[in-house]
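The values are calculated or read from the model by the stated rules, or taken from the named source; none is laboratory data. Predicted model only: the values in this text are computed from it and were never measured. Cβ: placed from backbone, ideal geometry, glycine included. Neighbour counts: every protein chain shown.
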Amino acid sequence: MPKLPGHVLIWSPEGSIYELHAPACHPVQFLSGIVESWFFWLTTHTAFSFQGQYGRLSVYKEARKRGAGYWYAYHTSSVQTRKRYLGRSETVTFARLEEAAQDLQAFNQELSPESPPVSDPLPSLQAAQANNKIFSQTGLEPGATMVMTRLSPPHLPATLVVRERLLLALDTALSRPLTLLSASAGWGKTTLLSAWAHRHHEAVAWLSLEALDNDLTRFWVSLIAALRRCWPEIGARALALLQAPGSLSPGLTTLLNEMADMHGETSPILLILDDYHVINESTIHASLTFWIEHLPSHVHLVLASRVDPDLPLYRFRARGHLGEIRDTDLRFTLDETRHFLKQSMGIALSEANVELMEARTEGWIASLQLAAIFLQKHADPSAGVQTLSGIQHFLLDYMREEILARLPSHLQDFLLQTSGLSRLSASLCDAVTGRNDSELLLEQIMRANLFLQPLDESRRWYRYHALWAQAMQHEAQRRLGAPTVRMLSNNASLWYEHQRLLPEAIEAALTGEAFPRAATLIGQFVAPHSFRNPYHLICSWLRRIPDEVLQAQPDLSFLYAVAMMFTIDRRSSTLWARVESLLEWAEQGFARQERWEHLGETLQHRANLAFFQDDLVRLFAFAHQAQSLLTGHSLMYHDNLLVRGLAALLAGEVQMAWQCFLEGYRRTKNLGDHSSAFAASLFLGEVCLEKGEVRKAAYYYQQGLTYVDEDQEFSRQHLLLETGEPEPFFPSSTYHNLARLAYERNEMADAQSYLSQALALREKPEEAVHIQASGAFIQARLLHASGETVQALDTLSQWEMHTSPLTLSQPPYRAITTRPLALYTSIILNEGGMLHRCDTASPSKDISTCPGKNGLRILRLSQKHLTKQCSADRCSIKRHSIGFCSRSTVWV
């Protein structure tokens, strides 16, 4: 039997419910009659322990080469272990588990009446909680799951028009990494893909995307869940890595490697992502681009979208890696129109009228279907064809006035009240409408062909056609009024919360403008002290909450500020100002409530904000205030350590800096905070250089680079995913420093290689001043050493030209910016005559003919800076500049 599982499902007699206990997570409750979220949990896991009313079991999913695998129950006594087949995930109900536990326990008791009733070595709850956590708050853990039907192709209509030409076109997806279906709503993309998936059902993984998937981790967890339904042997390790703090890239790499290892063992792996148009998060597009470009040859991705996705389609197209099916391909042909009208809708028309219908609807399937419904009710269908014009405008009017208005009033009410639901079940509809007959009404709507699509074979979940839902929502606002529509949405939110579907509950509460309730739900959703909260998703929620609610709740304004710091474009001063305001509200609220630890964390975040804005004065000031409030248990404590170490290093207190950086390095490594561990290793290298320990410095720099893959394309993607920017200063600085060490050892080829790797990470010039200074300095030194002196001076001149005089004059930056300025001075003075030629240039002579267009200004700045730095000994410019050139001290 496999190793003991880490999740425990326990019957709670107090609440007559089942509770799922997961490692380091709050228990999740399941009502015995509501099993949708439980079924989905089963699709994403492979083992759990069961402690029911009638006995205990260990339950495992056994993989199969085809299909999603089968569940088996084990019960162990002192005599032997017995095994019971449970079936696929959808058959593992709570009742079936109780039955298996009772039968197996009774059987083993008969074999050994003197033995204890149960001696199954089930892990204790404490042991289960001590195991490594796989799922955290992504919106897809057991406590915040999605409906299982998102992982299955929608049910096909009984009157399906088989479109062989398009099915054959889709078969070519097996020869390309990516196939795209791009067309607006109503062109039959989902139905076509569903028909194709049913044709290849054993080899197709399906995921219907939704707006909540606009979070990087949630997106990939959902995608892996879809893959694991067909291939349960892949994805477990990738899921664990995705949930770990720090990098996303190891999880994606592991998933790619797992799929590559399956080559030859399975048929081709096909993954369909439906409704990709709901994804608008740039980091998801970037990560998917990387994934597509590294797919093994037997893995193929199919995207369906209403708009072209933000992927490099031109590049895929040029390489022959992209197949495309568009609206011009999806249009119903004349034969398909004829077949649909006659066989599916039972309308007999002359050939001329069929041609007219095809021309009027332009092959648009949704309009053809609505037009057919109109003709069915027309006394003379042939005459009715002549009245069809302005089909798009006609569609919405016809839906409201001809279809909805002719229905019984109770069905009209039901359709309007449920039109805002993205997916429907009888239980959900009862909760929203206050009825108890929703199951019957859903069946009536299905029989009436009212644009309701079943999402599973058992018909527990449905969804409305997008155009129909749009029309009904508009009509609901008009007829029911905004207050009633908001109330319906809040009813849905309560149901979702009861089912532990927290993301859906939050969305519905926000739609219903129940902002205090939404704030409470967001607080429940967020994992405290976690690096891997879905911050993009959290931002999308919090920006919809009014400022007065945010100001009144410091926890909420603090969360919003942190989420923004993880997700915003760092070049936007407007967004930084918003973060500053949120942190100020949090600071005031925590101080008012005397929550000192939270106040310290807020102050440290203000310090971090100053760091990103290159404001070292405010950085040190806020960190100093936070220091007395933070305890060693705070996740912000190591950030404070690094800032204290930096302040000590710039003040020349090398031993103090070393102690701070070393403690910060150890803490961040233990926490798995890769970005902070990278920063700490870089700072440790700087201290080693100050102490003259060159080899030790190189060791810490190399340690930092363990977080950056050797493949620069991969590295850029990784950095983009982690920080939102493709060239953060930590990797660039590390490569610069390694280049500088190689230069000092006269290893020019290695120095140039490191510099090239640093430059490969840079895609825009707006880098932090210390990165610009460091890069210009080492590049100029290499050029000068190779005899390209004029180019070296031009490099320094270009750097100076893009650096503001205000930045150059700020005290924290003098030690950073002086080095390239001093190098310029040294080169000029050592190249005898250059300075004289520029000084004596005639007024008519263009200064650009001198080495470096801003040469004289740089020289004067150098003199000014060097004088400020060394006013005590009043050394000469040349002597001081040479000294600076030979020193190895540099901040990041």
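Computed quantities for the displayed model
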{"read-out": "Hey, T179 assigned to a strand (DSSP E or B), at negative phi and β-branched (V, I, T) or not", "value": "yes"}
{"read-out": "Where a residue in the range 322-344 is touching a residue at least 40 places away in the same chain (Cβ under 8 Å) and its partner, wherever it lies, is surrounded by fewer than 17 Cβ atoms within 10 Å (Cβ to Cβ) and part of a helix (DSSP H, G or I), with Cβ under 6 Å and at least six apart", "value": "G323/T172"}
{"read-out": "Residue that is farthest from S49 (Cα to Cα) [pool: residues in the range 11-31 that are modelled with pLDDT of 75 or more and surrounded by 19 or more Cβ atoms within 10 Å (Cβ to Cβ)]", "value": "V28"}
{"read-out": "Options L170, L193: the member that is farther than 28 Å from T511 by Cβ, buried (at least 22 other Cβ atoms within 10 Å of the Cβ) and in contact with a Gly (Cβ under 9 Å, 6 or more places away or on another chain)", "value": "L170"}
{"read-out": "The range 473-531: number of residues that are among the acidic types (D, E) and either in contact with a strand residue (DSSP E or B) (Cβ under 8 Å, 6 or more places away or on another chain) or in contact (Cβ under 8 Å) with a residue 40 or more places away in the chain (or both)", "value": "3"}
{"read-out": "Residue selected from the range 262-298 under the condition surrounded by fewer than 21 Cβ atoms within 10 Å (Cβ to Cβ) and in a strand (DSSP E or B), by the criterion nearest to the chain's Cα centre (by Cα)", "value": "L271"}
{"read-out": "Test: residue in the range 256-270 that is under 26 Å from L42 (Cα atoms) and among the small types (G, A, S)", "value": "yes"}
{"read-out": "Selected residue (only one of Q453, Q470 is under 30 Å from T91 (Cα atoms), outside any loop (DSSP other than H, G, I, E, B) and either without any contact (Cβ under 8 Å) to a residue 60 or more places away in the chain or within 31 Å of the chain's Cα centre (by Cα) (or both))", "value": "Q453"}
{"read-out": "Residues of the range 579-609 satisfying the condition of being surrounded by fewer than 20 Cβ atoms within 10 Å (Cβ to Cβ) and of a type in the set (A, V, I, L, M)", "value": "A591"}
{"read-out": "Single residue of L646, L630 found to be more than 29 Å from the chain's Cα centre (by Cα), over 19 Å from F566 (Cβ atoms), assigned to a loop (DSSP other than H, G, I, E, B) and not hydroxyl-bearing (S, T, Y)", "value": "L630"}
